[in-house]
Structures are given as C-alpha cells and as structure tokens.
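Structure first, commentary second.
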Amino acid sequence: MPYTPELKQLIKKVEATRPERVRRKKEGKEMPAMSLEERQAVLDAFHPDCKKTSKRPIGVGVNKGYAISPEIVDTLEAKSRVDPDKVDLTPRFSTDVLVVGGGGAGAAAAIMAREQGAKVLVLTKLRMGDANTMMAEGGIQSASKPHKDSPYYHYLDVLGGGHFKNVPELAEALVADAPETLAWLESLGCMFTKEADGRLLTIHGGGTSRKRMHYAADITGAEIMRTLRDEALNYPEDIRAIDFTSAVELVLNDKGQCAGVVAYNHETEEYFTVRAKAVIMATGGSGRLHIQDFMTTNHYGATGDGLVMGYRAGVELCFLHTVQFHPTGVSFPDQIEGLLLTEKFRGMGANILNIDAEQFVFEREPRDVEAAAFIRECEERKKGIATPSGKVGVWLDSPMIDDLKGPGTVQREFVGKWKLYLRHGIDISKEPMLTYPTLHYQNGGLKIGAKGETSLPGFYAAGEVAGGIHGENRLMGNSLLDVCVFGRRAGEAAAGFAKAGAREGKLNLEHVKKYHQELEKAGLGRDRVSPVLLPDYVNPDVKKYQLTTSYVGTIR
Amino acid sequence: MEPKVNLIPIHIMGKQYMVPDVLTVMKAMEYAGYQLTRGCGCRGGICGACGIAYRLPNSYKIEVGLACQAMVQPDMYLAVLPFYPNKRGVHDVENLGANVDTFKALYPEVFKCVSCNTCTKSCPMSIEVMDYINAAMRGDVRQAAELSFDCVMCGLCTSRCPAEISHANVAILARRLYGSQVVPRAEHLAKQVKQVKTGKFKEGLAKLKSADLTSLKELYKAREAEPDNAPDEWAPKSNDYL
Ligand SMILES: Cc1cc2nc3c(=O)[nH]c(=O)nc-3n(C[C@H](O)[C@H](O)[C@H](O)COP(=O)(O)OP(=O)(O)OC[C@H]3O[C@@H](n4cnc5c(N)ncnc54)[C@H](O)[C@@H]3O)c2cc1C
Ligand code: FES
C-alpha cells in the first residue's frame, strides 16, 4: 500500500531538510557518534534486553533460575505435545544419523554424515530450505586473503563482537574452519561474486577489521541454501528427506544415549517414532516467538523447538539472555512488516530521522545501540511516525543515497528491495522508508562442544539452535559461516558416533515423564504445550468460532 | 483513530471470504481463518514456498504469483500450489561437463521446448525463463546460470509448461556447473586453506584462547583496521599472525 496522504505530508518535511543534510555529509560533517557512556545509558534504558520485564527465571530443569526471555521460558515451562505413556515407540523409520531441520546447518550435516558412510534421514517442518538460511542477504565471513587477513584477526573480531564472552574453543573452530568451508561451498558450485580471475570480492561488515565478507549478490543465503539442498538431494539412496514433518521430542535408550525422536506429520497429525544411532538438532532460531511482541525477520518455522527438546532431555542452555534485534525492520507497509532492511542502506549514507525530519542518532552506531535509540525516540520522546495500522517507525532516508552517490544508485544497489516496495506503490529512491527494530537472531542456545556434541551421548546440535560461538552478540556474516562449519562438524561427528559409539537399547521417554513431574511439582505449564511448531496468526474474530472442544490440532 | 478497513471478496480454493483490501494473499488467508501449514516459508519472497494460481473476473487468463507478495484483488479466484512435482536428475557435479551433453543426459525434455514463453510470463521473479532454457539447449552454461540467478524455485513455470520441463532444476544445475567449473577458483582461498592445514595459525590462536580479558581487549583495540575505501591489495603494516 502506498503512503497515505498524512504520511506524504510528513515526507515533505524529510524532503525539506534533505539538501542541507546531504551537503553536510558531502563535507564530511557527520552527526557525532555517542560516547561509550551515552551508548550504555541508552542501552540500559531502552534496549529490549535490558528492560526489567524482559527476563524471567526458568522454573524447572538443568538451568533452573537462569533468567531469559519470558516467551522462551513459556515454551520450556510447558508439557510435551504428547502423552509419553501413549506414544508407540516401535520405530516407523530407522537410520544411522537423523537430522532435525532442513536449513543450512541441517543440509551441511546431512552431506557430511553421508560422506562418512552414514545413512541419513532429514526431518523438516516445512520444505527443505524453507529456513532462515534462505533469507540471509549480506554475506559470509572467512579470512580468505592471506596477504592481509588470517583466522587470528577473525578470532579477535568475533570475540570483540561477542563482548569477549564467547567459548574460546568454539570461536577457534569457527575461524579456523572458515577458509576450508568457503572452499567447499565454492567447489559445490556456489556462485560467489568474483573478479574475472576468480578472486573473491570482499567487503566490511559491522565489527570487522579486515574486509572478509563474501557474498553472492544480495542473496548469499539463498545461494548457499539452494546449493546445499541440491547437493543433499543428490544422494536419494543415502539421504532421505521428509518435508512437513517436525520432531517434537527426543527419544532416549536405556543406555542413556539419544536414540531418535518422536516426529509429527503435519498433514495426518500422527505422532510416530524414528530410531537413530545419532541425532543432530538443526532447528534454527526463534524469531517467530515474537519476543516482547516485536516483529521478526525470521522464517515462519523459527519457533525455538530445538531448545525445548534438548532441554527436556537435560541439555543445558547458554547465552539466551541476549537476543539480537536488527534496528531497521520494515514497519510500513504492513504487508512486509518485520522484513530486514540491510545495514548497507545506512552504510551508504542514509540518515535516520524522526517525525520532524530531525536526525536523532548517528546512522552507524552498533546494532544494539541504534535499535535502542529508535525505541527511545518513539517511546519516550514520542517522536516516532504512526502508521495507519497503529504501529510506529522512524524514517530511513534512502533517497539521499542517490543524492550522495548519483542517480540510480538505490535501484542498482538495492534492486530486491526497490522492486519489492515498488509493488506496494513506493519508490524508495524517491520516498524514505519507515523502519523499527525487528527480532533477528537467537544469540544463544543449546550448549555444545567443538564437534557439535552435547552432554547427552549421541545428541548433537548445530546452527542457530546452538550457543556459545558468538558469545553475547553475533556479527553479521558469522552465522552463515557457523551453520556451515558446525553443520559439517556435527555431521562428521554424528556419523562417527553412529559407527563406533552407539549402542542398542530399549527406547524410552522417561526424561519427558520426569520433566512433567517436575513441572507438576512446581505448578507450572499446566495450560501450555510445546514445542510451538508454528506461530498462530489466525484472525481472532475467526477463532471465536473455532469451538471444537475435544481435539487439539497442529496449533490449538 | 481506528484504521478504516475496506473489505473485498476473494475466493480461496472456491470459497468466498471478505478480506481487507490492503493484505497480501497470504495474510488474507490467515485473516479468513486459515492456519497455514503448507504454502508458507520465509514470508519474504525468497523461498518459493507459496506459489498461487488465480483468475480475475472477466478474464480468461491464469495468473500466478507468490502468496506472500501478491496483493489481494476483488473477486480473485485462487488456489495455492505449495508443492509441484518436479523432476530432478541425479548427478555428480564435479564429474559433469559444463556443456550441452550434460543437459541432454539429465534433462532431455529441455529440447522439447516449444518457445511459447509461458514460463517467462509466469515467473514471479521476472526472470527470462525461456531464455535460460534456450541457453541450456545451446550449452551456454554461463548465460543459463546468470539469467536464472534470482530463481526462488517455486515451480510455477513448470506448472504451466507444455513441454513439462522442470526449469528450476535445470537452472540450479547450470548455476552449480558455472560456479564450480566455469568460473576460476579463488587462488588466494586455496592458499589460505593450505596454510590452515599446515597448522600455521595454531600458535596465534592458542595464545588468544588463553589470553586474559585485559590483554585480549588490548589486542582487540590495537588491531589494525582496513580502511573502508582501501583497494583489495591493501596490506596491514604488521605481518604478525598472517
Ligand atoms: C533475514 C535474515 C538475514 C540474515 N542475514 C545474514 C547474513 O547476511 N549473514 C549471516 O551470516 N547470517 C545472516 N542471518 C542469520 C542466518 O541466516 C541464520 O542464523 C542461519 O542461517 C541459521 O541456520 P540454521 O540452519 O541454524 O537454521 P535455519 O536455516 O532456520 O533452518 C532450520 C530448519 O529447521 C526447521 N525446523 C524448525 N523446527 C523444527 C522441528 N521441530 N522439526 C523439524 N524441523 C524443524 C525449520 O523449518 C528450518 O527449515 C540472517 C537471518 C535472517 C532471518
Ligand atoms: S513464503 Fe517464501 S516466497 Fe513466499
């Protein structure tokens, strides 16, 4: 939907202050960045992580007392979707390695497990590749240029980004495997953007000391995901993928090993058992839990399921006390709300403005600071711009990029977004965009070791579902890298365990029963089940009429 | 002020619902009461999970689009195509030729293309689908790869093709052949991989791993930053740990 007459009036103000802002920028007179003290103050008061209500201690389980987002705690303080006494534990499928989740980490894991000789089954909630990996635009980091960069400097950058809290062994694995992983993607045929002689083009990302962000135009994640998917599907004898089927619970055996999952067919609504010698959790992030009601950049299936399944089986969680918000998500038009507007807009000079078309924050503060400043402007100073549907936003002045870098720049550099907005009647090379912080990345997750292994034998985790690699804050480009590096590592390790470590044993869900007892004792989770599987966007007016009393379907 | 809602009729799989005229088809379905389990992935126009086919009143045309991108229109009559059976040739990309024989072997139906251009007209990403199919027929891997680069693999072209071609799979084969065999490999990357394998960076990383917080922060602050506008040849003053 194009801008309303009211919004067009406000855009006139933006246009009025633009020539002066462009002139200042051309003269190098930037708005000053905040001092470290100012940054801390705005973070403390306005960053969603720092709000008093933003955390609640978990009431049960191995991390009892650890305070994290209440929306995630809700999923942990919930009963299983199934009655553990009723599940038929006779396996319907048996495999060596079971991969849960067909995103980047899952596909990489499947390919590598097969290479080690394992038979692999992939269960995935939507279709393989309908995942956050597909949506990444910006790029993938790797210290690929020996004359100026090395894993050493990559490591320093990763730690600086993560507030120096990262688990050293994991950060080391990430940066040391990076070149080989990138070369692997290259050999599989990923069309990275290159010079004619094969040299990879690289740019900076937030917090990098060397230009090591590699990209495939502005659809890097899609290029990696569709290539990995194609490769995984290339071995139908060895890798079997079942779409629209979620895992909902881990299954253990009486030797104390992870030995499969309870799966759920979204169409027939059957729950059935898959037996495996090793399980890799690769379910990705949790943006669709809409922490603190924020909109999200994540795909439809990002509901944090892996956290719940692992936690019920006693695997610890870590680094979930921070959540990454991206400052510039779309807040208008509604049809594309929450969608990511890449950092590159601000990198190329677009100012951030309030309702009076005044600059209130330098456009290139770190992500968390920038986001907090937007929230302060709207919540405290009431200088945000209201959208017709009652949301709020600030201006991202994209047209000034053309004024700065020449006509046609916006269309050329941001062709995807330019086309997308045009479909809604907005030309972003002529009209600014309304943006607001959006939920972007789950910084933490299941605790893993350098091979993706967890405290539960036979159970591995890789990708956004795992925590520790990025400490308290992930830098752009390190997540695509992480899913490939740790997906590969977990795939190899799980195949190894399937060969050498796994033991036959009677399958059981005792851990779920015990968890239920603990919930019962604490008086928690009586009215909730999890994992969430899919968000619920059904119109509440329709819901009033959905009166079935005795049956709980996919979501209800 | 309550936002004013203008309701229009649309027909989802043959049933009429009144929905706000400002919604995408995907959101309109949810407004109507659908809980989507299929036909929804990224919700952002890149995963290709949400193909739809529809007709508008007084038109013989079958239109196609992505539910997360297409806006509702009065009296549109639509079906969701969240899955379309595609043919996929099994191959080993490293041992295939980047030439026409590969397409002949894996996707012979490509050569039955009747040049009707319906694929191109039905592409929600505005890709010149027929042109890249023609490029594949000529063995022009580069052009097939470049023209198809934005493909989201929704399968709408296949659903409309009289020659029954699985375009998206032909396209990804072309891109993988191009990326792995036609474009030169990055030499600097291969060199770095070798250096990592010889253990060149082990010692430096070990130092960092065991460094205390204060010295780590010092090292972090002291690291030399490559300037934004520096050419690729830029090199830091210190060669340490490179
Ligand atoms: C819009 C956007 C832009 C981004 N840009 C960048 C970038 O430029 N650079 C970068 O490095 N990172 C970026 N990221 C982050 C990065 O893309 C993700 O963190 C990463 O791809 C996650 O990969 P994954 O394999 O762990 O999870 P995903 O790719 O999300 O895959 C998880 C899969 O598991 C499935 N699943 C979930 N639950 C279940 C279940 N219970 N049973 C079965 N299957 C299940 C999901 O449906 C999905 O298919 C971006 C993320 C987003 C959302
Ligand atoms: S949901 Fe991914 S393209 Fe529409």
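Mind telling me which of the residues B:GLY39, B:GLY51, B:GLY45 ends up being farther than 18 Å from A:ARG226 by Cβ, buried (at least 17 other Cβ atoms within 10 Å of the Cβ) and within 16 Å of ligand 2 (Cβ to nearest atom)? Walk me through it before giving the result.
Numbers: B:GLY51 fails: farther than 18 Å from A:ARG226 by Cβ; B:GLY45 fails: farther than 18 Å from A:ARG226 by Cβ.
Of B:GLY39, B:GLY51, B:GLY45, the one residue that is farther than 18 Å from A:ARG226 by Cβ, buried (at least 17 other Cβ atoms within 10 Å of the Cβ) and within 16 Å of ligand 2 (Cβ to nearest atom) is B:GLY39.
Looking at (1) more than 9 Å from ligand 1 (Cβ to nearest atom); (2) in contact with a Gly (Cβ under 9 Å, 6 or more places away or on another chain); (3) open to solvent by 10 Å² or more (accessible area, probe 1.4 Å); (4) not charged (D, E, K, R), find the lone condition where A:PHE272 falls short.
(2)
Evaluate the following for B:ASP150: is it open to solvent by 30 Å² or more (accessible area, probe 1.4 Å), free of Cβ contacts under 8 Å to residues at least 60 places away in the same chain and within 14 Å of chain A (Cβ to nearest Cβ)?
Values: open to solvent by 30 Å² or more (accessible area, probe 1.4 Å): yes; free of Cβ contacts under 8 Å to residues at least 60 places away in the same chain: yes; within 14 Å of chain A (Cβ to nearest Cβ): yes.
Spelling it out, B:ASP150 is indeed open to solvent by 30 Å² or more (accessible area, probe 1.4 Å), free of Cβ contacts under 8 Å to residues at least 60 places away in the same chain and within 14 Å of chain A (Cβ to nearest Cβ).
State the number of residues belonging to the range A:271-315 that are of a type in the set (A, V, I, L, M, F, W, C), within 16 Å of ligand 2 (Cβ to nearest atom) and in contact with a helix residue (DSSP H, G or I) (Cβ under 7 Å, 6 or more places away or on another chain). Break it down stepwise before answering.
The first filter runs over the range A:271-315 and keeps only residues of a type in the set (A, V, I, L, M, F, W, C), leaving A:272, A:274, A:276, A:278-282, A:289, A:291, A:294-295, A:302, A:307-309, A:313, A:315.
Going one step further and asking which of them are within 16 Å of ligand 2 (Cβ to nearest atom), we end up with A:295, A:302.
The next check asks that each one be in contact with a helix residue (DSSP H, G or I) (Cβ under 7 Å, 6 or more places away or on another chain); those that pass are A:302.
Going through the range A:271-315 one residue at a time, the tally reaches 1.
Would you pick out the residues in the range A:176-216 that are at the interface with chain B (Cβ under 7 Å from one of its Cβ atoms), under 22 Å from the mean Cα position of the chain (by Cα) and assigned to a loop (DSSP other than H, G, I, E, B)?
The initial filter retains those residues of the range A:176-216 that are at the interface with chain B (Cβ under 7 Å from one of its Cβ atoms), namely A:176, A:179-180, A:182-183, A:186-191, A:194, A:197-200, A:204, A:209-211.
When the remaining residues are screened for being under 22 Å from the mean Cα position of the chain (by Cα), the result is A:182, A:190, A:204.
Hits for the range A:176-216 are A:CYS190, A:HIS204.
Here are B:ASP150, B:ASP131: which of them is among the acidic types (Asp, Glu), under 22 Å from A:ILE219 (Cα atoms) and part of a loop (DSSP other than H, G, I, E, B)? Write out each step before concluding.
Numbers: B:ASP131 fails: part of a loop (DSSP other than H, G, I, E, B).
Sole residue among the options that is among the acidic types (Asp, Glu), under 22 Å from A:ILE219 (Cα atoms) and part of a loop (DSSP other than H, G, I, E, B): B:ASP150.
I'd like to know if the range A:290-299 contains one or more residues that are in a loop (DSSP other than H, G, I, E, B), in contact with a Cys (Cβ under 7 Å, 6 or more places away or on another chain) and of a type outside the set (Asp, Glu). Quick ask: steps written out before the conclusion?
Step one: filter the range A:290-299 for residues in a loop (DSSP other than H, G, I, E, B), giving A:290, A:294-295, A:297-299.
Filter once more, so that each one left must be in contact with a Cys (Cβ under 7 Å, 6 or more places away or on another chain): A:299.
Narrowing further to those that are of a type outside the set (Asp, Glu): A:299.
Yes, the range A:290-299 contains a residue that is in a loop (DSSP other than H, G, I, E, B), in contact with a Cys (Cβ under 7 Å, 6 or more places away or on another chain) and of a type outside the set (Asp, Glu).
Which residues, counting only those in the range A:318-362, are β-branched (Val, Ile, Thr) and within 14 Å of another protein chain (Cβ to nearest Cβ)? Break it down into steps so the answer makes sense when it comes.
Of all residues in the range A:318-362, those β-branched (Val, Ile, Thr) come to A:322-323, A:328, A:330, A:336, A:342, A:352, A:355, A:361.
Scanning the range A:318-362 gives A:VAL330, A:ILE336, A:THR342.
From the residues in the range B:218-242 that are in a helix (DSSP H, G or I) and more than 7 Å from chain A (Cβ to nearest Cβ), which one is farthest from the chain's Cα centre (by Cα)?
Taking the range B:218-242 first, the residues in a helix (DSSP H, G or I) are B:218-222.
Checking which are more than 7 Å from chain A (Cβ to nearest Cβ) leaves us with B:218, B:221-222.
On the way: B:GLU218: 42, B:LYS221: 39, B:ALA222: 40 Å.
Step by step, filter the range B:218-242, then rank; the result is B:GLU218.
Out of all the residues in the range A:243-265, which are open to solvent by 10 Å² or more (accessible area, probe 1.4 Å) and in a loop (DSSP other than H, G, I, E, B)?
A:ASP243, A:ASP254, A:LYS255, A:GLY256, A:GLN257, listed by residue number.
Looking at A:GLU77, A:GLU180, A:GLU169, which one is free of Cβ contacts under 8 Å to residues at least 12 places away in the same chain, among the charged types (D, E, K, R) and more than 16 Å from ligand 1 (Cβ to nearest atom)?
Working: A:GLU77 fails: free of Cβ contacts under 8 Å to residues at least 12 places away in the same chain; A:GLU169 fails: free of Cβ contacts under 8 Å to residues at least 12 places away in the same chain.
Answer to the selection: A:GLU180.
Determine which member of the set A:VAL532, A:VAL483, A:VAL542 is open to solvent by 20 Å² or more (accessible area, probe 1.4 Å) and part of a helix (DSSP H, G or I). Give the steps one after another, and end with the answer.
Working: A:VAL532 fails: part of a helix (DSSP H, G or I); A:VAL483 fails: open to solvent by 20 Å² or more (accessible area, probe 1.4 Å).
From the options A:VAL532, A:VAL483, A:VAL542, the qualifying one is A:VAL542.
Tell me, which helices (runs of 4 or more DSSP H) lie completely within the range A:15-123 with 1 or more residues that are open to solvent by less than 50 Å² (accessible area, probe 1.4 Å) and assigned by TED's automatic domain parsing to the domain that holds A:ALA136? Give the derivation first.
Numbers: elements: A:36-46, A:70-76, A:104-115.
Passing ranges, in order: A:104-115.
For every residue, the table says whether it meets (1) touching a residue at least 40 places away in the same chain (Cβ under 8 Å); (2) touching a Lys or Arg at 6+ places or on another chain (Cβ under 9 Å).
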site: A:LYS430; (1), (2): no, no
site: A:LYS451; (1), (2): yes, yes
site: A:ALA462; (1), (2): yes, yes
site: A:GLY477; (1), (2): yes, yes
site: A:VAL485; (1), (2): yes, no
site: A:ALA490; (1), (2): yes, yes
site: A:GLY496; (1), (2): yes, yes
site: A:GLY501; (1), (2): yes, yes
site: A:LEU533; (1), (2): yes, yes
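What do you reckon, is B:LEU177 assigned by TED's automatic domain parsing to the domain that holds B:CYS119 and not in a loop (DSSP other than H, G, I, E, B)? Explain how you work it out, then say what you get.
Numbers: assigned by TED's automatic domain parsing to the domain that holds B:CYS119: yes; not in a loop (DSSP other than H, G, I, E, B): yes.
When the stated conditions are applied, B:LEU177 passes them.
Regarding A:ALA109, is this residue more than 10 Å from chain B (Cβ to nearest Cβ), touching a residue at least 24 places away in the same chain (Cβ under 8 Å), within 20 Å of the chain's Cα centre (by Cα) and within 13 Å of A:ALA232 (Cα to Cα)?
Working: more than 10 Å from chain B (Cβ to nearest Cβ): yes; touching a residue at least 24 places away in the same chain (Cβ under 8 Å): yes; within 20 Å of the chain's Cα centre (by Cα): yes; within 13 Å of A:ALA232 (Cα to Cα): yes.
Yes: the conditions hold for A:ALA109.
Out of A:ALA217, A:ALA176, A:ALA232, I need the residue that is small (Gly, Ala, Ser), buried (at least 19 other Cβ atoms within 10 Å of the Cβ) and either under 19 Å from A:THR133 (Cα atoms) or not assigned by TED's automatic domain parsing to the domain that holds A:VAL97 (or both). Which one? Give the steps one after another, and end with the answer.
Working: A:ALA217 fails: buried (at least 19 other Cβ atoms within 10 Å of the Cβ); A:ALA176 fails: either under 19 Å from A:THR133 (Cα atoms) or not assigned by TED's automatic domain parsing to the domain that holds A:VAL97 (or both).
Being small (Gly, Ala, Ser), buried (at least 19 other Cβ atoms within 10 Å of the Cβ) and either under 19 Å from A:THR133 (Cα atoms) or not assigned by TED's automatic domain parsing to the domain that holds A:VAL97 (or both) holds for just one of A:ALA217, A:ALA176, A:ALA232, which is A:ALA232.
Among the candidates A:ILE469, A:ILE448, which residue alone is within 15 Å of ligand 1 (Cβ to nearest atom) and within 14 Å of another protein chain (Cβ to nearest Cβ)? Please lay out each step first, then the result.
Numbers: A:ILE448 fails: within 14 Å of another protein chain (Cβ to nearest Cβ).
It is A:ILE469.
Among the numbered criteria (1) of a type outside the set (Gly, Ala, Ser); (2) touching a Phe, Trp or Tyr at 6+ places or on another chain (Cβ under 8 Å); (3) within 11 Å of ligand 1 (Cβ to nearest atom), which single criterion is violated by A:GLN141?
(2)
The values are calculated or read from the model by the stated rules, or taken from the named source; none is laboratory data. What you are looking at is a predicted structure, and each value in this text was computed from that prediction instead of being measured. Cβ sites come from the backbone with ideal geometry, for glycine too, and all protein chains shown count toward neighbours. The protein model used for the area step is the full one, side chains on, heavy atoms only, and it has no ligands, DNA or RNA in it. Shrake-Rupley method; radii C 1.70, N 1.55, O 1.52, S 1.80 Å.
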